[in-house]
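J.: Sending over a structure as structure tokens; questions will come in a sec.
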Amino acid sequence: MLHVDLDQFIAAVEVLRHPELAGKPVIVGGRGDPTERAVVSTASYEARAFGVGSGMPLRLAARKVPDAVILPVDRDAYTESSGEVMAILRAQPSATVQVLGWDEAFVGVRTEDPEHYARRLQQDVLDGTRLHCSVGIGDTLVRAKVATGFGKPRGVFRLTTENWLEVMGDRPTVDLWGVGSKISRRLATLGIETVRQLASVDPQTLVPEFGPRMGPWYAQLGRGEGTAVVDDTPWVARGHSRETTFQQNLTAPEQVEEAVRELVRQVMGDVAAERRPVVGLTLKVRYAPFLTKTFARKIPVTADPEVVLARALELAAKLEARPIRLLGLRAEMTMPDDAREGHTPTRSGW
């Protein structure tokens, strides 16, 4: 199985639209105005060389690279380019394609020479879209995903049972997909700092710290094991979310109510297109300067925007009386019986 990851996708799409930007540090985020509150969506390799990364405040990124070209996010353009790439992947011989997002997908194939297949796939994507990609080859989805990082940019790399510990064994656990910095620190408190140590641990020893499901799964990740099947069942969203970063902090209750009403309007517009009712809400708040909290609750099954609004305002009533710089709302929906399980490893879906 192959993991295909488009290199610096959003920045690359922008360079194709603006060829004069080739070779220059390009940063994409917000409305393209570094004086506003917004974060970096992506940065070209030239900008990354200065330490700019996704999620960084746009204002900080602009300070790091004063000569950078900063562009606004154009979701429609990225969706269109992504669709062109995925169509090319689906046209590959014997390919089963599991889309993960705008810029990545798993491709299950039958071939005696996966490296050759990967190189041909890269060329087809380049010929059809002028976009470069990296390809990871693995005998499980996890190994294929991790392998891609060793192939970037524009390369191919293979990780299997045979070379997993040779390549990954001495690396810190945070290098595993699905193990973030917080989990890595918790593993370290148990004396587990490397992938090799995690791979050799008795899974049951992780249960007291991480629970009966996630504990054994982290041990499985350390071994690079998991599902070896690419599932092309169409992805069905569990929920829809919207959030707004305010250029001026909200300080009055009526401002908060107005913002929540607008978020409900946007989210319920997305939900209506799914034709599935809402079963849960999560309200996200970021107080000034940068303290983030969430409030979640299950609600009776409903598709009525007025009912959702009332429940959302009940969550908003839990907010503290302090300046707010961001509000977000997520609505969880009922899932179809035939929906595919999660397409990331974060909940042991693999």
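J.: Go through region 212-262 and count every residue that is in contact with a Gly (Cβ under 7 Å, 6 or more places away or on another chain) and part of a helix (DSSP H, G or I).
T.: Here the count works out to 2.
J.: Looking at region 318-350 only, could you name the residues that are modelled with pLDDT of 95 or more and charged (D, E, K, R)?
T.: LYS318, GLU320, ARG322, ARG325, ARG330, GLU332
J.: Within region 149-193, can you find the residues that are among the β-branched types (Val, Ile, Thr), farther than 20 Å from PHE106 by Cα and surrounded by fewer than 21 Cβ atoms within 10 Å (Cβ to Cβ)?
T.: VAL167, VAL174, ILE183, THR189
J.: How many of the residues in region 53-74 are open to solvent by 50 Å² or more (accessible area, probe 1.4 Å) and in contact with a helix residue (DSSP H, G or I) (Cβ under 6 Å, 6 or more places away or on another chain)?
T.: Result for region 53-74: 0.
J.: Follow-up question, since we're still on this one. Which of the residues belonging to region 128-148 are open to solvent by less than 10 Å² (accessible area, probe 1.4 Å), part of a helix (DSSP H, G or I) and among the β-branched types (Val, Ile, Thr)?
T.: Within region 128-148, VAL142, THR148 qualify.
J.: Residues being open to solvent by 40 Å² or more (accessible area, probe 1.4 Å) and free of Cβ contacts under 8 Å to residues at least 60 places away in the same chain: count how many of those fall in region 3-33.
T.: Counting residues in region 3-33 that are open to solvent by 40 Å² or more (accessible area, probe 1.4 Å) and free of Cβ contacts under 8 Å to residues at least 60 places away in the same chain gives 8.
J.: Another one. Go through (1) small (Gly, Ala, Ser); (2) within 30 Å of ARG90 (Cα to Cα); (3) without any contact (Cβ under 8 Å) to a residue 24 or more places away in the chain for ALA310 and report which single condition fails.
T.: Answer for ALA310: the failing condition is (2).
J.: Could you tell me which residue of region 85-102 is modelled with the lowest pLDDT, considering only residues that are part of a loop (DSSP other than H, G, I, E, B), closer than 17 Å to CYS133 by Cα and open to solvent by 50 Å² or more (accessible area, probe 1.4 Å)?
T.: Checking each candidate, the answer is TRP102.
The values are calculated or read from the model by the stated rules, or taken from the named source; none is laboratory data. Computed from a predicted structure; not experimentally measured. Reconstructed Cβ throughout: ideal geometry from the backbone, glycine too, with neighbour counts over all protein chains shown. Accessible surface is based on the protein model in full, side chains and every heavy atom, while ligands, DNA and RNA are left aside. Shrake-Rupley method; radii C 1.70, N 1.55, O 1.52, S 1.80 Å.
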